[in-house]
Amino acid sequence: MGKEATRIGIFGGTFDPVHTAHLEVAEAVSRALGLDRMLVVVANEPWQKLGRPVTAAEDRYAMMVAAVEGRPGLEPCRMEIDRGGPSYTIDTVEELRRADPLAALTLVVGSDVVPELTSWKDEPALRRLVTLAVVGRPGAPRVRTPPGWHAVEVPVAPFDVSSTGLRERLEAGRSVEGLVPDAVIRCIAQRGLYATRR
Ligand code: ATP
């Protein structure tokens, strides 16, 4: 009998900073779809977010490492940082397939990302290589997946938090307790991120 394909989830983002909704989403999708691994992939240069300064990739990765403490199902992944340059999901997917050509890959996205998929690099190749797992995001309208994608919707408890909102709170000197793990709050303070060192 042949070996069963490893089912790998890919949850990519800027994670500037990572927050509790990111972690809940990754765990909920992994559980719902019975995945073997869930990679949280920290983007090196998020080409979609070039309109604003982005925190250094190593700082965002350090926050992710802190965030997954006590969440053994989540694996921080620095593949895009190590590759360098702009981060394209197709490159990450192809790298994962080279490492394990039989792996079944599931790309996890919030519903706010779905309308952007058609602008992603090599979208036709990407949609052939992955299944899309879409989770609802408070404030983002329900959207139709672009043609050609194999998509499943995964219900998760809505959690109205965004990295933008957290950056605003931090820059204003307000608390983010309960919205990001305590280990991430410590990491932010130690590294003096988001103007917390003023
Ligand atoms: P920003 O506010 O800076 O745009 P963000 O909170 O959207 O950041 P990203 O790192 O851009 O965080 O998101 C990574 C992934 O997490 C995306 O697929 C996004 O849709 C999803 N996501 C982020 N926040 C939530 C949330 N509250 N509920 C569901 N999905 C979310």
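The values are calculated or read from the model by the stated rules, or taken from the named source; none is laboratory data. On a predicted model such as this, the values are computed, not experimentally measured, just so you know. FYI the Cβ positions are ideal-geometry reconstructions off the backbone, even for glycines, and counts take in every protein chain you see. The area values use the complete protein model at the heavy-atom level, side chains included, leaving out ligands, DNA and RNA. Shrake-Rupley method; radii C 1.70, N 1.55, O 1.52, S 1.80 Å.
Assorted remarks:
- Selection of segment 139-177 for residues being aliphatic (A, V, I, L, M), in contact (Cβ under 8 Å) with a residue 40 or more places away in the chain and within 8 Å of the ligand (Cβ to nearest atom) yields Val156, Val161, Leu166.
- Search result, residues across segment 46-66 that are out of contact with any strand residue (DSSP E or B) (no Cβ under 6 Å at 6 or more places or on another chain) and in contact (Cβ under 8 Å) with a residue 40 or more places away in the chain: Pro46, Gln48, Val54, Thr55, Asp59, Ala62, Met63, Ala66
- Residue that is farthest from Val18 (Cα to Cα) [pool: residues in segment 178-188 that are in contact (Cβ under 8 Å) with a residue 24 or more places away in the chain and assigned to a helix (DSSP H, G or I)]: Arg186
- Residue that is farthest from the chain's Cα centre (by Cα), among those in segment 151-171 that are over 30 Å from Thr131 (Cα atoms) and open to solvent by 70 Å² or more (accessible area, probe 1.4 Å): Glu171
- Val143 vs. criteria in a loop (DSSP other than H, G, I, E, B) and either out of contact with any Pro (no Cβ under 7 Å at 6 or more places or on another chain) or open to solvent by 40 Å² or more (accessible area, probe 1.4 Å) (or both): yes
- For segment 2-22, filtered to residues that are farther than 17 Å from Ile90 by Cβ and under 9 Å from the mean Cα position of the chain (by Cα), the residue that is surrounded by the fewest Cβ atoms within 10 Å (Cβ to Cβ) is Thr14.
- Residue within segment 5-22 that is in contact (Cβ under 8 Å) with a residue 40 or more places away in the chain, of a type outside the set (Phe, Trp, Tyr), farther than 25 Å from Tyr194 by Cα and within 15 Å of the ligand (Cβ to nearest atom) present: yes
- Per this entry, Ala133 is not counted among residues that are modelled with pLDDT under 95, among the small types (Gly, Ala, Ser) and either open to solvent by less than 80 Å² (accessible area, probe 1.4 Å) or within 19 Å of the chain's Cα centre (by Cα) (or both).
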